[in-house]
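Just so you know, all these numbers are worked out from the coordinates, no wet-lab data involved. None of the values given here were measured: they were computed from a predicted structure. Using ideal geometry, Cβ is built from the backbone for each residue, glycine included, and neighbour counts are taken over all protein chains shown.
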Amino acid sequence: MKKASIKLSWKKPAGAAKFVIYANACGKGKKYQKLATTIGKSKTIKKVAGAKLKNGKYYKFLLVALDANNKVVSTSKTVHVATAGGKVGNNKAVTTKAKKNKVTIKVGKTFKLAAKTVPASKKLKVKKHRNVMYETSNKAIATVSKKGVIKGVKKGTCFVYAYAQNGVFKKIKVTVK
């Protein structure tokens, strides 16, 4: 059987000089441990908390971007990923009620995204570690609640992201009129 590994990749936020990866196996009482520091935009993980990754097991990751002075620039959402070779799997996509990934609303009005995750395989069960999480690129234009309700704040355009637990996401263009 192939040795278990997980490849993490990310986009570099403005001002980031290096990245610190924290990880551990999923489960109660499993606190994050510093795994690695890198200047790249991806890293293949083969060990977590001093032990080799096991096939068909979930692991959690957190990425912290630091600037040249070691000040935090950005922190990722918690990502829960399953290794291959077991009875559990990951999501391959996120779907929403936004037609063509665009939403147009008026100031003060709302739109519920109702995001759902799509499993990568029908044969593998995706264990739920957390709900879909939401984020807006500009809170001054539109906000988004934990339940995926977008609210127009002022006229303009921004993006709302809906993240599955393993990091796959859907990007929705929001226009507030």
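Descriptive notes on the structure:
- The 3J(HN,Hα) values that the Karplus relation (6.51, -1.76, 1.60; θ = phi - 60°) gives for the range 158-165 are, in residue order, 8, 10, 10, 10, 10, 9, 7, 4 Hz. Gly and Pro appear as x.
- Label point distance in nm, Lys7-Lys154, each placed 7 Å from Cα along Cα→Cβ: 4.3
- Each residue of the range 125-136 is assigned a 3J(HN,Hα), and the resulting list reads 7, 9, 6, 8, 9, 7, 6, 4, 10, 10, 8, 10 Hz, derived from the Karplus form 6.51 cos²θ - 1.76 cosθ + 1.60 (θ = phi - 60°), x at Gly and Pro.
- Counting 0.36 nm for each residue step from Lys46 to Val107 and taking away their Cα separation leaves a gain of 17.2 nm.
- Report note on the peptides 56-65, 90-99: ranked by the mean count of other C-beta atoms within 10 Å, highest first, their order is 56-65, 90-99.
- Taken about its Cα centre, the range 6-82 carries a charge dipole of roughly 320 debye when the Cβ of each Lys and Arg holds +1 and the Cβ of each Asp and Glu holds -1.
- If you take the Cα centroid of the range 113-177 and the Cα centroid of the range 1-39, the two points sit 22 Å apart.
- Measuring r between the beta carbons of Val118 and Asn55 and using R0 = 30 Å, the FRET efficiency lands at 0.85.
- Within-9-Å neighbourhood charge of Ile105 [Cβ basis; K, R +1; D, E -1]: +4
- As a length-normalised measure over Cα pairs under 8 Å and 6 or more apart, the relative contact order of the chain settles at 19 percent.
- Between Lys177 and Cys26, the FRET efficiency estimated from the beta carbon spacing at R0 = 45 angstrom works out to 0.60.
- Contact order, relative form, for the range 6-82: 36 percent (alpha carbon pairs under 8 Å, 6 or more residues apart, mean separation divided by residue count).
- Within-12-Å neighbourhood charge of Ala16 [Cβ basis; K, R +1; D, E -1]: +4
- Listed residue (Ala14, Thr38, Tyr59) projecting farthest to the positive dipole end of the range 6-82, Cβ model: Tyr59
- Anchor Lys46: lysines whose Cα lies under 19 Å away (excluding residues fewer than 8 positions away in-chain): Lys2, Lys3, Lys7, Lys30, Lys31, Lys34, Lys54, Lys57, Lys60
- Amide hydrogen neighbours beyond the local backbone of Ala84, cut-off 5 Å, H modeled: Ser5, Gly56
- Charge dipole (Cα centre; +1 on Lys/Arg Cβ, -1 on Asp/Glu Cβ; no other charges) of the range 91-176 amounts to roughly 300 debye.
- Dipole magnitude for the chain: computed about the Cα centre from +1 point charges on Lys and Arg Cβ and -1 point charges on Asp and Glu Cβ, it is near 640 debye.
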